[in-house]
């Protein structure tokens with residue numbers, strides 16, 4: 001993960017909720033999907049969870065509200081500070097720490113499940129860094145613990161190489177926000193640079209906020225090979241139709 005990924009999320013953290021038409025509804029909907037998956041795999045719980053890319057808390061807050069014992073970590077100290085504040089404002093305890101997923105600062109085997117959602121692992125730009133992160137996720141898990149990782153459907157995107165994402169519109173107390181991304185693909189067809197646009201209503205016009213980040217379009221096969229090498233077995237891709245989560249979900253079990 002490049003230092004620019006941390007800068008990107010530090011900058012985006014105050015505006016991250018604007019990505020969603022209704023952030024509160026997204027918290028509840030995503031937690032419902034992930035909670036159902038966790039309980040179906042691990043039993044009724046509650047379970048000890050690490051959200052190792054928690055951002056401002058979109059998944060962590062909802063999972064803690066569902067009764068799980070959640071710890072959040074993220075590369076961005078600005079994002080984790082907001083996650084803790086947003087959780088506290090809802091009466092939810094959420095311990096957080098700023099940490100790179102390639103070097104997680106927790107006791108080995110401390111968690112029943114590790115969640116890595118929202119395409120976060122795509123910011124790791126090399127196979128070596130992906131392997132380091134998956135190795136750390138495995139280290140955090142008890143034996144037979146569960147990995148829950150979500151990623152864009154890059155198998156399709158690598159074929160089509162879209163130049164942009166569709167605009168999304170959200171409404172808040174300070175007006176309307178339009179969010180979209182421009183994607184600049186590298187010649188290798190696997191890496192791309194993002195320009196992340198947010199247009200906020202400003203009087204009769206617009207304020208434009210732009211951030212940049214780099215991503216790697218991991219295929220399902222590449223990610224499964226890396227997860228297997230890190231010590232995960234029973235790897236399985238689950239579609240949004242099957243889980244109710246908005247991205248494909250990879251699950252796997254930690255083995256010795």
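The values are calculated or read from the model by the stated rules, or taken from the named source; none is laboratory data. Just so it is clear, the structure is predicted and the values come from calculations on it, not from any experiment. FYI the Cβ positions are ideal-geometry reconstructions off the backbone, even for glycines, and counts take in every protein chain you see.
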Residue in the range 18-25 that is surrounded by 20 or more Cβ atoms within 10 Å (Cβ to Cβ), in contact with a strand residue (DSSP E or B) (Cβ under 7 Å, 6 or more places away or on another chain), in the same structural domain as residue 136 (by TED's automatic domain parsing) and not in a loop (DSSP other than H, G, I, E, B) present: yes
Residue in the range 198-213 that is under 16 Å from residue 154 (Cβ atoms) and touching a strand residue (DSSP E or B) at 6+ places or on another chain (Cβ under 6 Å) present: yes
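Residue check: is residue 207 free of Cβ contacts under 8 Å to residues at least 12 places away in the same chain and either within 20 Å of the chain's Cα centre (by Cα) or over 30 Å from residue 231 (Cβ atoms) (or both)?
So residue 207 passes the test.
To keep it simple, each residue is scored yes or no on (1) within 16 Å of the chain's Cα centre (by Cα); (2) under 24 Å from residue 209 (Cα atoms).
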{"site": "11", "(1), (2)": "no, yes"}
{"site": "22", "(1), (2)": "no, yes"}
{"site": "30", "(1), (2)": "yes, no"}
{"site": "61", "(1), (2)": "yes, no"}
{"site": "73", "(1), (2)": "yes, no"}
{"site": "94", "(1), (2)": "no, no"}
Residue that is touching a residue at least 40 places away in the same chain (Cβ under 8 Å), in the same structural domain as residue 20 (by TED's automatic domain parsing) and out of contact with any helix residue (DSSP H, G or I) (no Cβ under 6 Å at 6 or more places or on another chain), where the choices are 229, 242: 229
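Every residue, every condition in (1) in a helix (DSSP H, G or I); (2) exposed (fewer than 15 other Cβ atoms within 10 Å of the Cβ), yes or no:
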{"site": "152", "(1), (2)": "no, no"}
{"site": "182", "(1), (2)": "no, no"}
{"site": "197", "(1), (2)": "no, no"}
{"site": "221", "(1), (2)": "yes, yes"}
{"site": "226", "(1), (2)": "yes, no"}
Out of 117, 98, 79, 88, sole residue that is more than 16 Å from the chain's Cα centre (by Cα) and at pLDDT 95 or above: 88
Number of the exception - residue 138 against (1) over 15 Å from the mean Cα position of the chain (by Cα); (2) farther than 30 Å from residue 185 by Cβ; (3) free of Cβ contacts under 8 Å to residues at least 60 places away in the same chain: (3)
